[in-house]
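Report on the structure given below.
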Amino acid sequence: MNKNSIPQSISWRPTIVGSHYAVSCGHSLAAIAAARVLDHGGNAVDAGVTMAMALAVLQPDIVSFAGVAPTLVYQKSQSKVISLAGLGYWPQATDIAQLKEHGNGSIPIGILRQIVPAAPATHVLALREFGTISFEEAATPALELARDGFAMYPELHDSLESHADTIALFQENKNIFLSEGHPPAVGSRFKQINLGNTIARMIQAERLSTGNRDKKLSAVHDFFYRGEIARQIDQFHRSHGGFMRFEDLANFEVPIEEPISCNYHGLDVYTCDVWCQGIVLLLALKILEPINLAEMGHNSTAYIHTIASALNLAFGDREAWVGDPKFIDVPTRELLSIDHALKQMARIDPNYAFSSLVDALAIDGRQAPLADQLLPAQGKTPLAPDTIYGCVVDRHGNAYSVTPSDTMYDIPMIDGLGLAISSRGMQGRLEPNHPCFVQPGKRPRLTPTPAIALRDGNFEMAWGTPGGDVQCASMLQVLLNISHFGMSLQQAIESPRVAPFNFPNSFAPNDYYPARLCVENRLPKSTIQSLLQLGYDIEYWNEREYYAGAVCAIRRDQATGMLHAGADPRRAAYALAW
C-alpha cells in the first residue's frame, strides 16, 4: 500500500485535508481562533499561542492560563526544531518537611504543590522570538471567551461535577465553577470574569508600554512576573502558607533549548528534553525499530505484547534515570543509543509479560539509583490529572506543537485573578534517592509531551495528547499505525489502544499496578484472552475511552504536500484545514 494514500475504510470522522494550513486541538473554538489568525496572515506560532491561551479558558479544569506549556517550534527556513522549556520550578522557600507532613509521604493537594507558572512567559517568548502579532491580538480570543462566555459542554461539566468536593474547598474556585452550589448546566453560558480581567490587564500593560514590538511584549512578561500580578500571587501565598514569593516569579525566564530526538526508519522524532517524559516515546521507538511489526499484524497479541513490553522497558528507564537535567546527570545520549536499544529489545520475552517494574540496566558502569520499596496498588487505574494538546502548521511550512496543562480542582486559585498557579508540583517525589526528588529551584518531571517529526529536514508530523502516563503510549501507537499499516491520520487516531501501568504513576500518590495493561474493549475477546495468558493484569476500557487520551495531529503528505489533520473523538477535540 502507498503509505501516502488514504485507505477507503470507515472512521467516525474524516481526515481533514488542506493545502494552506491546518490546526488540531482539544476544542473547536480554540481551533477556530487559530484559523482566524492564519486567515489574517499570522504564522503557525501566532496561531498556536492564540490557540493555547484559548484552550486555557475553554478547558480550565485541566489547562491553566498560569500553568505549564512545553512547546516545540519547527522553523521551515532553518529546517530546525526548537524547544521552549515551558515548565516552572519549585520555589526557593519549598520545605520538604512540610510536604511530607501534609501529604502523608507524597505531594499534598493544595497550595503547597504550586510551582512557578511558566505558560505566560512561554507564550510571550514564542511571540517575541518566532511570531509576528501583538500579545493583544493573540490574547483577545481568550479574553472574549472568558469575558463573554461559551457554552458549557458535557466533558467540562462532568469534570467539574466529579471534582466538586475538592473545588468547594477553595473560595475562588468555588465562586467561579460552583457559583450556584453545582456546576453550570450543559449548554448554559459559562463566564470567567476574573480571568478575563487578568488577561485585559496584561493587554493593557502592552498598550501602555512604549518602544518597539519586542519591548511591548517584554512589558507583558514583566507585568505578570515582576509587577502587580506577581505581588498578588506573593501576598496570597504568604497569607495561605504557600512557598511562592515575588523573587521566584521575578527571576523566572523560559529557556530556549535544543530538543532531544531519535531516528526511526528515516523519521527524526523530536520531544522536549528530560525535564519532560518525551524520552519514553523515543526509547520505545528505538527498541521497536529492528522488529518487523507489520508482519505481526495490527493489534494482534504478538504486536500488542511487543508494544507494551517496549513501553515497560522505557518506563523503567524513566523511573530510574529521568529528571531535571539541571540537577540530575541523565545519561540521555546513552539511553538513546542503538546499543542500549538492542540490549533492551533482547529482554522482551514473547511468551511472558513483565510482571513488575522493569529494573534499569547499568549505563557506562553507572547503576541506576535503587528505588524505594514499591507498594502495589489495587483496583482501577486512576484517571490522571489531565491536560490538552494542540498543533498548527502554516502556509510557509512552519509548525507549532504544545501540550498546555495544569489542574485547578486540587489547588486554590488566586483570589480575584481567576488564575490557578501551576499545580505541577504534584509530579515531584519525596524519596531522596529518586531523580524527581523535590528541591528548591528544581523542575518536577513533566508528563505533557508535544512531538514533531521531520523527514530529511522537512516537516512530516506534529502530534500529542492529554492523558498523563498514557501520552507516550497513545502517541507511539498513532505513529506506528501510520508508518507500518498505512492508515489515514484519522484512522490511526481512532484505532483501539492499549496502555501499560506497570510502573509508579507520575502523580501523587504514585500508584503502581504490576503487570497492568489497559485495553479498549474493541479488541477481539480472543486477543484479550491471549494477553491474559501472557501474564497481563488486564483492565478494560470502554469504546472510545476518555482515559485513552485524545490525540490531535497534523501530517504533511510527502507526495502532494497537502496537510492532513485529525482529532480524537474520545474527547471534544477538533481539526480544521484550508
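The values are calculated or read from the model by the stated rules, or taken from the named source; none is laboratory data. The structure presented is a predicted model; accordingly, all values stated were derived computationally and were not measured. Cβ placement follows ideal geometry from the backbone for every residue including glycine, while neighbour counts extend to all protein chains displayed. Heads up: the accessible areas ignore ligands, DNA and RNA and are worked out on the full protein's heavy atoms, side chains in. Shrake-Rupley method; radii C 1.70, N 1.55, O 1.52, S 1.80 Å.
For Asp158 paired with Asp359, estimate the spin-label separation in nm (one decimal), with each label point 7 Å from Cα along the Cα-to-Cβ line.
A separation of 4.3 nm, rounded to one decimal place.
Amide H neighbours of Ala572 under 5 Å, counting only residues 5+ apart in sequence or on other chains, H built in-plane at 1.01 Å?
Hits under the 5 Å cutoff: none.
At each listed q (0.13 Å⁻¹), what is the log10 of I(q)/I(0) that the Debye formula gives for the range 55-143 modelled as equal alpha-carbon point scatterers?
Debye intensities relative to I(0), on a log10 scale: -0.59.
Using a Förster distance of 56 Å, how high is the FRET efficiency between Asn251 and Ser526, based on the Cβ-Cβ distance and rounded to 0.05?
After rounding to 0.05, the efficiency reads 0.45.
So which lysines pass the test for Lys326, namely a Cα distance under 19 Å, with those fewer than 8 places away in the same chain ruled out?
Correct list for Lys326: Lys442.
Enumerate the residues in the range 378-420 having an amide nitrogen under 19 Å from the point lying 7 Å beyond the Cα of Asn175 toward its Cβ.
408-420
When the Karplus curve 6.51 cos²θ - 1.76 cosθ + 1.60 is applied with θ = phi - 60°, which whole-Hz ³J(HN,Hα) does each residue of the range 349-358 get, with x for Gly and Pro?
9, x, 9, 9, 7, 5, 8, 8, 3, 6
Measure out, as a whole number of angstrom, how far apart the alpha-carbon centroids of the range 337-413 and the range 267-313 sit.
11 Å
Work out the FRET efficiency for Arg207 and His40 from their Cβ-Cβ distance, taking R0 = 25 Å, and round it to the nearest 0.05.
Result of the calculation: an efficiency of 0.80.
How high is the relative contact order of the chain, in percent, with contacts defined as C-alpha pairs under 8 Å that are six or more residues apart?
26 percent
So between Lys326 and Glu295, what do we pick up on full extension, going 0.36 nm a residue minus the alpha carbon distance?
Full-extension gain reported as 6.9 nm.
If each residue of separation counts as 0.36 nm, what is the full-extension length gain between Asn351 and Gln533 once their alpha-carbon separation is subtracted?
64.6 nm
Among residues other than Asp214 whose Cβ falls under 13 Å from its Cβ, what is the net charge (Lys/Arg +1, Asp/Glu -1)?
+1
Amide H of Thr71: which non-local residues (sequence gap of 5 or more, or other chain) have their own amide H closer than 5 Å, using H built in the peptide plane?
The answer is Leu84, Gly86.
Under a straight-distance cross-link criterion of Cα-Cα below 19 Å, which lysines are reachable from Lys216, leaving out those fewer than 8 residues away in the same chain?
Cα-Cα hits under 19 Å: none found.
With only alpha-carbon atoms in the gyration tensor, what are the semi-axes of the equivalent ellipsoid for the range 159-249, in Å, largest first?
Here the semi-axes work out to 31, 19, 9 Å.
Accessible area of the range 1-122 with a 1.4 Å probe: how many percent of it is carbon plus sulfur?
Ligands and nucleic acids excluded, carbon and sulfur reach 50 percent.
Once neighbouring chains are kept in place and the probe is 1.4 Å, which whole percent of the accessible area of the range 166-215 is contributed by carbon and sulfur?
Result for the range 166-215: 51 percent of the exposed heavy-atom area is carbon or sulfur.
Report, by chain and number, residues whose modeled amide H sits under 5 Å from the one on Tyr89, excluding near sequence neighbours (fewer than 5 apart, same chain).
Val116
Using DSSP loop states and a limit of at most 13 other Cβ atoms within 10 Å to flag GluC sites (Glu not before Pro), what is the longest stretch of the chain containing no flagged site?
254-542
Per 0.36 nm of contour for each residue apart, how much would the distance between Asp557 and Gln98 grow if the chain were fully extended, relative to their Cα-Cα spacing?
Going from the current span to full extension adds 159.9 nm.
Label Arg366 and Arg226 with points 7 Å out from Cα along Cα→Cβ: what is the distance between them in nm?
Rounded to a tenth, the inter-label distance reads 3.6 nm.
As an exercise, use a Förster radius of 35 Å and the Cβ-Cβ distance of Ile10 and Val186 to find the FRET efficiency, rounded to the nearest 0.05.
Computed FRET efficiency for Ile10 and Val186 comes out at 0.75.
Tell me the label only: which of [x] 64, 56, 47; [y] 82, 70, 61; [z] 75, 67, 57 is Cα extents along the principal axes in Å as calculated from this structure?
[x]
In whole Å, how far is the Cα centre of the range 196-221 from that of the range 111-177?
Answer, in whole Å: 18.
Check cross-link reach from Lys80 to the aspartates and glutamates: straight Cα distance under 16 Å, and skip same-chain residues fewer than eight apart.
Reachable aspartates and glutamates: Glu129, Glu257, Glu258, Asp268, Asp273, Asp394, Asp456, Glu460.
So which of Lys100/Lys380; Lys380/Lys525; Lys174/Lys215 end up more than 29 Å apart, counting from Cα to Cα?
Those over the limit are Lys174/Lys215.
Which value in nm describes the separation of the simple spin-label points at Lys215 and Arg333, placed 7 Å from the Cα toward the beta carbon?
4.3 nm
Across the range 137-148, in residue order, what do the Karplus-derived ³J(HN,Hα) couplings come to in whole Hz, using 6.51 cos²θ - 1.76 cosθ + 1.60 with θ = phi - 60° and x for Gly and Pro?
So the J values, rounded to whole Hz, are 4, 6, 8, 4, x, 5, 4, 4, 5, 6, 6, 8.
Taking each pair of distinct Cα atoms in the range 224-277 once, what is the resulting Kirkwood hydrodynamic radius in Å?
For the range 224-277, inverting the mean 1/r across all distinct Cα pairs yields 14.0 Å.
Could you pull out which residues in the range 411-438 have an amide N less than 19 Å from a spot 7 Å beyond the Cα of Thr166, following the Cα-Cβ vector?
Answer for this model: 411-415, 419-430.
At 1.4 Å probe radius, can you tell me the per residue accessible area of the chain in Å²?
I get 35 Å² per residue for the chain.
In the range 289-387, carbon and sulfur make up what percent of the accessible area (probe 1.4 Å)?
Reported share for carbon and sulfur atoms: 53 percent.
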